1. Take the conditions open to solvent by 90 Å² or more (accessible area, probe 1.4 Å), of a type in the set (A, V, I, L, M, F, W, C), out of contact with any Phe, Trp or Tyr (no Cβ under 8 Å at 6 or more places or on another chain) and modelled with pLDDT of 70 or more and apply them to ILE9. Does it pass?
2. Picking from ILE132, ILE122, ILE127, which residue would you name as being modelled with pLDDT under 85 and part of a helix (DSSP H, G or I)?
3. Can you tell me how many residues within segment 153-165 are among the small types (Gly, Ala, Ser) and either surrounded by 10 or more Cβ atoms within 10 Å (Cβ to Cβ) or touching a Lys or Arg at 6+ places or on another chain (Cβ under 8 Å) (or both)?
4. Hey, could you check segment 63-86 for residues that are among the aromatic types (Phe, Trp, Tyr) and either assigned to a helix (DSSP H, G or I) or open to solvent by 80 Å² or more (accessible area, probe 1.4 Å) (or both) and say which is farthest from SER20 (Cα to Cα)?
5. Please determine, by comparing only the residues of segment 135-149 that are assigned to a helix (DSSP H, G or I) and more than 16 Å from ASP96 (Cα to Cα), which one is most open to solvent (accessible area, probe 1.4 Å).
6. Does at least one position in segment 87-95 carry a residue that is within 20 Å of the chain's Cα centre (by Cα), in a helix (DSSP H, G or I) and farther than 21 Å from THR10 by Cβ?
7. I need the full set of residues from segment 129-158 which are of a type in the set (Phe, Trp, Tyr) and under 22 Å from PHE86 (Cβ atoms), in order please.
8. Of everything in segment 99-112, what is open to solvent by less than 20 Å² (accessible area, probe 1.4 Å) and touching a residue at least 24 places away in the same chain (Cβ under 8 Å)? Give them in sequence order.
Amino acid sequence: MLNYIYLFITGGILGSFFTSIIFSKKLEAITVSTRRSQCNNCEKKLKYWMLIPLVSYFILDGKCHYCEEPISIKYPLIELLTGSSFVLLSMNYTHDVSQLFTLCVMALMIASSFSDYETQEIPDTLIYSTFIFGILFIIYNPSISNILGFIAGKLFFDVQSIVSK
């Protein structure tokens, strides 16, 4: 049980991080991990207690602490979805490295889906991260089916990129 709580919290934290990538107005790929989170409306830096996944949304009553502008429900929704998917996916694994890859790729897919829905584009940060996890998984677990799956996924997104331009 404690393992599932840990997984839910970890998924929520990753979901929170991905919302900063997806919904930031001033996203710059190089500064994603070094910049401080801020309100998209008033641009004031958020304090640590305002960044607790799910909890801070309810503590702040769904509004920015500074400008009182409503915070979109999509932020806690992504955190909840990512945390829940971590728990549900881990029920099918025996807690090995394959599970780690699966959870990370699932989080990246959730973030990519929301980004695609919101902006009709997926940030390069998410694409390259997913690509790197795929390569690392093949290195860790080389098999024909994994290699073919990686190639098929890559081709699918390449075709989609060509068609959408």
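1. yes
2. ILE127
3. Residues in segment 153-165 being among the small types (Gly, Ala, Ser) and either surrounded by 10 or more Cβ atoms within 10 Å (Cβ to Cβ) or touching a Lys or Arg at 6+ places or on another chain (Cβ under 8 Å) (or both): 2 in total.
4. Pass one, segment 63-86, residues among the aromatic types (Phe, Trp, Tyr): 66, 75, 86.
Subsequent filtering for residues that are either assigned to a helix (DSSP H, G or I) or open to solvent by 80 Å² or more (accessible area, probe 1.4 Å) (or both) retains 75, 86.
Details: TYR75: 9, PHE86: 19 Å.
Among those that are among the aromatic types (Phe, Trp, Tyr) and either assigned to a helix (DSSP H, G or I) or open to solvent by 80 Å² or more (accessible area, probe 1.4 Å) (or both), it is PHE86.
5. Step by step, filter segment 135-149, then rank; the result is ILE144.
6. Scanning segment 87-95, I find no residue that is within 20 Å of the chain's Cα centre (by Cα), in a helix (DSSP H, G or I) and farther than 21 Å from THR10 by Cβ, so the answer is no.
7. Step one: filter segment 129-158 for residues of a type in the set (Phe, Trp, Tyr), giving 131, 133, 137, 140, 150, 156-157.
PHE131, PHE133, PHE137, TYR140 - these are the residues of segment 129-158 that are of a type in the set (Phe, Trp, Tyr) and under 22 Å from PHE86 (Cβ atoms).
8. Selection gives LEU103, ALA107, LEU108, ILE110, ALA111.
The values are calculated or read from the model by the stated rules, or taken from the named source; none is laboratory data. Keep in mind it's a predicted model, so treat the numbers as computed, not measured. In this analysis, Cβ positions are derived from the backbone assuming ideal geometry, glycine residues included, and neighbour counts consider all displayed protein chains. We work out accessible area using only protein heavy atoms, side chains counted, and drop any ligands, DNA or RNA first. Shrake-Rupley method; radii C 1.70, N 1.55, O 1.52, S 1.80 Å.
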